[in-house]
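The structure appears below as structure tokens.
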Amino acid sequence: MKSILAGIDFADDSSIVAQQLIGVTVLVDGVGGRIVETEAYDALDPASHTFSGITPRNAAMFGPPAHAYVYRSYGIHWCLNFVCREPGHGAGVLIRAIEPVMGLETMRERRGVDQVRLLCSGPGKVCQALGVTHLQNRLDLNAPPFELLAREHEVTVLAGPRIGISKAMDVPWRFVLAGSPYLSKPMRS
């Protein structure tokens, strides 16, 4: 089992992996871009799907690192997470936003919007634009359809409180690329 991809050790804590993913390119069947926003979750975190233990819905997040955990949010949107830590722990990183780079026309067709900034500016939008559904749940990030490419240059990462949750809201485990116009929402202070 390979846990190091794009220069990141996915067996590490989710908060570390979430920061290191900023600037990494994620592709699904050749469509994707640079990750500009992530959120970390851990089994000891009351906001995490894994906080209350393993269920059929969250089982992938307890699996091996460097695999996908895909779930449906509010019965509407698919959300993509990258599993971290050792098998059985229950940690992961939510991919909240990417800067679209490859397959723009495919993303536009899937999303039904033209404006590049709106293609992947939220976790549900990311999955719709990249064609991610429950079919990618549990898949290895080191094999097709996924491809992760290391950062091309150093980036400045900002940390702040996570958004869209009702527990542990002040935990500063939301990470963004400083100055990116592709975030789901501006960073609050």
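Kindly indicate which of Ile22, Ile8 is within 23 Å of Pro145 (Cβ to Cβ), open to solvent by less than 50 Å² (accessible area, probe 1.4 Å) and in contact with a helix residue (DSSP H, G or I) (Cβ under 7 Å, 6 or more places away or on another chain). Step by step, each of Ile22, Ile8 is checked, and only Ile8 is within 23 Å of Pro145 (Cβ to Cβ), open to solvent by less than 50 Å² (accessible area, probe 1.4 Å) and in contact with a helix residue (DSSP H, G or I) (Cβ under 7 Å, 6 or more places away or on another chain). For segment 116-126, residues that are under 22 Å from Ala159 (Cα atoms) and open to solvent by less than 30 Å² (accessible area, probe 1.4 Å) total 6. Tallying residues that are modelled with pLDDT of 95 or more, open to solvent by less than 30 Å² (accessible area, probe 1.4 Å) and over 14 Å from the mean Cα position of the chain (by Cα) within segment 156-187 yields 1. The set of residues in segment 127-149 being open to solvent by less than 20 Å² (accessible area, probe 1.4 Å) and over 14 Å from Pro65 (Cβ atoms) consists of Cys127, Ala129, Leu130, Val132. Screening Ala143 on (1) outside any loop (DSSP other than H, G, I, E, B); (2) within 23 Å of Asn58 (Cβ to Cβ) shows it passes everything except condition (1).
From Val113, Val101, Val70, Val31, grab the single residue that is open to solvent by 20 Å² or more (accessible area, probe 1.4 Å), β-branched (Val, Ile, Thr) and in contact with a Ser or Thr (Cβ under 8 Å, 6 or more places away or on another chain).
Sole residue among the options that is open to solvent by 20 Å² or more (accessible area, probe 1.4 Å), β-branched (Val, Ile, Thr) and in contact with a Ser or Thr (Cβ under 8 Å, 6 or more places away or on another chain): Val101.
For first residues located in segment 135-149 and touching a residue at least 40 places away in the same chain (Cβ under 8 Å), partners that are open to solvent by 40 Å² or more (accessible area, probe 1.4 Å) and outside any loop (DSSP other than H, G, I, E, B) and lie 6+ apart or on another chain with Cβ distances below 8 Å form the pairs Phe146/Asp140. Residues in segment 73-90 that are open to solvent by 30 Å² or more (accessible area, probe 1.4 Å) and of a type outside the set (Gly, Ala, Ser): 8 in all.
The values are calculated or read from the model by the stated rules, or taken from the named source; none is laboratory data. Worth saying up front: this structure is predicted, and the values here are computed from it rather than measured. Positions of Cβ are generated from backbone atoms using ideal geometry, with glycine treated the same way; all protein chains shown enter the neighbour counts. Ligands, DNA and RNA are stripped out before the accessible areas are found, and what is left, the full protein with its side chains, is counted by its heavy atoms. Shrake-Rupley method; radii C 1.70, N 1.55, O 1.52, S 1.80 Å.
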